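> Just passing along the structure, written as structure tokens.
The values are calculated or read from the model by the stated rules, or taken from the named source; none is laboratory data. A quick note: this is a predicted structure, and the numbers were derived from the prediction, not measured. Glycine also receives a Cβ, built like all others from the backbone with ideal geometry; neighbour counts cover every protein chain displayed.
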């Protein structure tokens, strides 16, 4: 029978280790170093001939380095006779540029997808991808894809502490997350409308019921602007206990300061991205997705 | 009475928030952004006139940026009439260059200390500083200093899972940490001897009793060489369940891969540095240190 | 008699070497490396006891690293018995944040100046500093300062190729540079008015005479917005041969693309910042400034 | 007839502009920016349908970012109906890892080549590629390749100043460059033998004639170790005027300091990499190569 092993790239070792231990399959972190001139040194940690490979890679911090790591690894795995290569990318980058908004703009989401396909990635597992114009991963990626959501896990964690919170989608794109989150406990949710002015300015509207406790739910926090506008809107309406649940806490530049300065009391995130607010691990749902994916593959064979 | 507030720099917000909530004092993250040309933008988050300031700053990732942030913040706090400025640096950088090993070398540990003094830092709280030639922080820093150790917390966490482990100091410098760690449960410890060859090569010797489970204890993991050599020595002697407990998990370059490839089963670290192996928070011991420091100051006045 | 030597930090070696050879004094590049964890390794290249030191440092690329380098070097020079330390900073960073525009903002220009003073810098030589609210370096820096202008050199170079160009200051802050530039050849100049909207948007007005060739003159190009607006205004008025002369070509992000897409035909810069458009060296004027500074010091003694 | 345009990526605009002006074809710098989370924004500067594209890209500073830029650009050019895409990479990265030295190591040179092929690069022009185990670019790259050498240009420049210099290849791999360099003026050359110890230590042997002036010739300077050992060997043999000519001056970490501290009097480099020692432009030889390549293509058709 075909052997399955997990190989992890930089920044994804800890999550890979948890999933490996859950599934009872071997895990090998690959050796990844950078030379002083910025070139990558990569070494496969085990013999891969004839094995099915689950490759964990984090795209959260330096997406281009992670992308080159992934391509070099995948190409070499196939050169060395590995079987199927399943990429687990807990956070998928480059999804926000999903259209040619201005003439000549490169649709990075498509380019990213093309690079993974050409590098021989046979299947892709991810968590809460930021899909907007593309409604499903299958519209964007040619390989088999499987997405799982951390929203039920975040909801479960959150409702241990705050039973009465109003669930808030900070903009229309986030409605899908609020629905999944509130669905876990059959709570209602509201959706705010975001209006962008320029690159960084954001304003928010929408009707808001009375209350004191609210939880803003989203897939990503990058610079934090969307969360801040929602939090300020909620404060204006008398909310005094505002919380944030998010899958991917990128938290670039002064995002943390802005969010807490806006009166957010707590920030709860997963471990798809290494960040100081990791309260919930996605290891369990990624492990389950891999089991589904592999049994499905088995059935097909 | 003098009001006390906590202000945090980038990367230290989460820890500052925990300590603030524990001590019941207000916490304000400061706004810190970088312009595309690398210049820093900083804004104080609250009026500081006449207040005592506890400034949290993480020096783990880009120590020079953190150092300039700290100096700019401390100078401005004093300009604006703040009282005493207490710096909480969970991880103290630049301690390894503590002597002029070759003529003309700059003793960075002293330079770092001088910069903090000149910037008006009145007191310094840190966790498990890497002291070697300087035996005590007071030999190096002119301001009041207070160090706390995460070793008892790490031991407490670790012994929940592994009661019978041999405690191992991977080199003589680490004996102090093994002593503090094993002291928590009255266990014995052993000390390996490290011999350096060049910048990166390390070899290890020392007498090792029989056993199966061991825990290597150290203050810092940077590139991981010391841990790897100790783990391989332990494997040679028949140990099959090797773990690592460390306060500051810097984990640069391929440290994680090297450590796990060397057969380490688990890595347990604190939150002095944001890393994927944070199992133990130093918030409690930093909070206690601040209480001691402030009551002492009060007594003195 | 006191010996004078030039010591250079990273990125300033080439310029320091030219000045040293011009003045006939020895030049020693200092050893500067970064460890993988971001810490700095520094080693003085020569014995400095009793010598007067001219320290070259480039602050253009990573200003905080350069600032820490400078402080570590200056402190150690004094510890080791050096005499006066003269800092040559061809490009002075942090001058744009010269006021507390919003409450709590840190006036980085002052902080930068304070750090240099406290580190024992005795005199400062620079080229075309970006002074706006501070009218003179002496308002900002406590040590002796000397500024020189690259504008006559740029003008001299430019007028070899384009005798009939209209000199254009792209905004009021740049009038000083247009005056120095055009003064070299007794040409007239015009000043455009810049109106900022938000962080990045810029609009330009001002009356523009007829012509075909123009040269936009400024001290710094960072993201290039100011130059682009001026170039587009000139194109609207029928100019077809538009050039740019600038002292400090930082050229961050897509500045080059924006400038050339706006129709600029050529960009001419100095070597205060390492960049692909270095046509004019400031070595000569820095050398002359150092001679003035040292003869003055000699006279005073 | 098919129109030809030059498009340049970041860091290659200045060289592209020179070549464009030499060949009399249009040049458009493409818009390339980085978001704070590290994602790339790219916009094509002109309509490319039906045009032949010469794409300039510099791989010298952050090779993985440049590689992703190149792939995104090339894929999009083809999507938008461009004809042949010729990549001009003045410096080719990743050539040093040209074999699996240790089991599992990724042969980056091959991976780099594969990525360019799959992205649709139809031809490649480069300067002095670092070929060692692969003897010719055609062994490594599937597309049409054309290499040119900057050695005759460097020799021409150098011999204006130093007619009597001994040409020195600092190791056997550099013999090819010394041959090309000295061939320009029919001078003899010698080859030193380099022995590596570990990652950074280097020693040099070889018989050296008497003399005072020498020029060390190589394709790349990265950390500078090879040059330093050669310079010290030459000093031991009484040489007092030692110079260095190099095509690609990467000059990472403390390379400059090491080289000048070893007594090198001058460093002369080309503009394949933006660096402070650019004395010779490769624009002319790249322009000629492009003309050959395009006439050849024409003939073939």
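> Of A:35, A:72, A:59, which residue is more than 24 Å from the chain's Cα centre (by Cα) and either closer than 22 Å to residue C:36 by Cβ or outside the structural domain of residue A:292 (by TED's automatic domain parsing) (or both)? Lay out the reasoning, then the answer.
Details: A:72 fails: more than 24 Å from the chain's Cα centre (by Cα); A:59 fails: more than 24 Å from the chain's Cα centre (by Cα).
Being more than 24 Å from the chain's Cα centre (by Cα) and either closer than 22 Å to residue C:36 by Cβ or outside the structural domain of residue A:292 (by TED's automatic domain parsing) (or both) holds for just one of A:35, A:72, A:59, which is A:35.
> Taking strands (runs of 3 or more DSSP E) that do not extend beyond segment D:76-150, which have at least 1 residues that are surrounded by 23 or more Cβ atoms within 10 Å (Cβ to Cβ)?
Numbers: elements: D:85-89, D:123-127, D:144-148.
Of the strands (runs of 3 or more DSSP E) lying wholly inside segment D:76-150, those with at least 1 residues that are surrounded by 23 or more Cβ atoms within 10 Å (Cβ to Cβ) span D:85-89, D:123-127.
> Which of the residues belonging to segment C:237-258 are buried (at least 20 other Cβ atoms within 10 Å of the Cβ), within 20 Å of the chain's Cα centre (by Cα) and not in a strand (DSSP E or B)?
If the condition is that a residue be buried (at least 20 other Cβ atoms within 10 Å of the Cβ), within 20 Å of the chain's Cα centre (by Cα) and not in a strand (DSSP E or B), then C:250, C:251, C:255, C:256 are the ones that fit.
> Within the group B:264, B:215, which residue is buried (at least 21 other Cβ atoms within 10 Å of the Cβ) and more than 20 Å from residue A:10 (Cα to Cα)? Show your work before the answer.
Details: B:264 fails: more than 20 Å from residue A:10 (Cα to Cα).
Going through B:264, B:215 in turn, the sole match is B:215.
> Does residue C:225 satisfy being farther than 29 Å from residue B:39 by Cα, surrounded by fewer than 22 Cβ atoms within 10 Å (Cβ to Cβ) and not assigned by TED's automatic domain parsing to the domain that holds residue C:56? First the steps, then the outcome.
Numbers: farther than 29 Å from residue B:39 by Cα: no; surrounded by fewer than 22 Cβ atoms within 10 Å (Cβ to Cβ): yes; not assigned by TED's automatic domain parsing to the domain that holds residue C:56: yes.
Considered against the rule, which asks whether it is farther than 29 Å from residue B:39 by Cα, surrounded by fewer than 22 Cβ atoms within 10 Å (Cβ to Cβ) and not assigned by TED's automatic domain parsing to the domain that holds residue C:56, residue C:225 comes out as no.
> Can you tell me how many residues within segment D:21-41 are within 14 Å of chain A (Cβ to nearest Cβ), part of a strand (DSSP E or B), in contact with a helix residue (DSSP H, G or I) (Cβ under 7 Å, 6 or more places away or on another chain) and within 14 Å of residue C:256 (Cα to Cα)?
So in segment D:21-41, the residues within 14 Å of chain A (Cβ to nearest Cβ) come out as D:28-41.
Applying the additional criterion that residues be part of a strand (DSSP E or B) yields D:28-29, D:31-34, D:40-41.
Okay, now just the ones that are also in contact with a helix residue (DSSP H, G or I) (Cβ under 7 Å, 6 or more places away or on another chain), so D:29, D:31-32, D:40.
Next, from what is left, pick out any that are within 14 Å of residue C:256 (Cα to Cα): D:29, D:31-32.
Qualifying residue count, segment D:21-41: 3.
> Got a number for residues in segment A:52-92 being out of contact with any helix residue (DSSP H, G or I) (no Cβ under 9 Å at 6 or more places or on another chain) and more than 26 Å from residue A:129 (Cβ to Cβ)?
Number of matching residues: 2.
> Any residue in segment D:277-284 that is free of Cβ contacts under 8 Å to residues at least 60 places away in the same chain and more than 21 Å from residue D:127 (Cα to Cα)? Let's see the steps before the verdict.
Residues of segment D:277-284 free of Cβ contacts under 8 Å to residues at least 60 places away in the same chain: D:277-278.
Next cut, more than 21 Å from residue D:127 (Cα to Cα) only: none.
No - not one qualifying residue is present in segment D:277-284.
> Applying the selection to segment C:131-174, what residues are in contact with a helix residue (DSSP H, G or I) (Cβ under 8 Å, 6 or more places away or on another chain) and closer than 20 Å to residue C:112 by Cβ?
C:131, C:132, C:134, C:140, C:141, C:142, C:143, C:144, C:145, C:146, C:147, C:148
> On the given criteria, is residue C:109 more than 11 Å from chain D (Cβ to nearest Cβ) and closer than 27 Å to residue A:38 by Cβ? Step through it out loud before you land on a result.
On the way: more than 11 Å from chain D (Cβ to nearest Cβ): yes; closer than 27 Å to residue A:38 by Cβ: no.
So residue C:109 fails the test.
> Please give the number of the condition residue D:293 fails out of (1) within 21 Å of residue C:45 (Cα to Cα); (2) surrounded by fewer than 23 Cβ atoms within 10 Å (Cβ to Cβ).
(1)
> Hey, can you tell me all the residues within segment C:130-146 that are touching a residue at least 60 places away in the same chain (Cβ under 8 Å) and closer than 19 Å to residue C:273 by Cβ?
Across segment C:130-146, the qualifying residue is only C:130.
> Quick check on residue D:67: is it under 17 Å from the mean Cα position of the chain (by Cα) and without any contact (Cβ under 8 Å) to a residue 60 or more places away in the chain? Lay out the reasoning, then the answer.
Working: under 17 Å from the mean Cα position of the chain (by Cα): yes; without any contact (Cβ under 8 Å) to a residue 60 or more places away in the chain: yes.
Yes; evaluated as a whole, the condition is true for this residue.
> Would you mind telling me which numbered condition in (1) assigned to a strand (DSSP E or B); (2) within 18 Å of the chain's Cα centre (by Cα); (3) surrounded by fewer than 24 Cβ atoms within 10 Å (Cβ to Cβ) residue C:18 fails?
(1)
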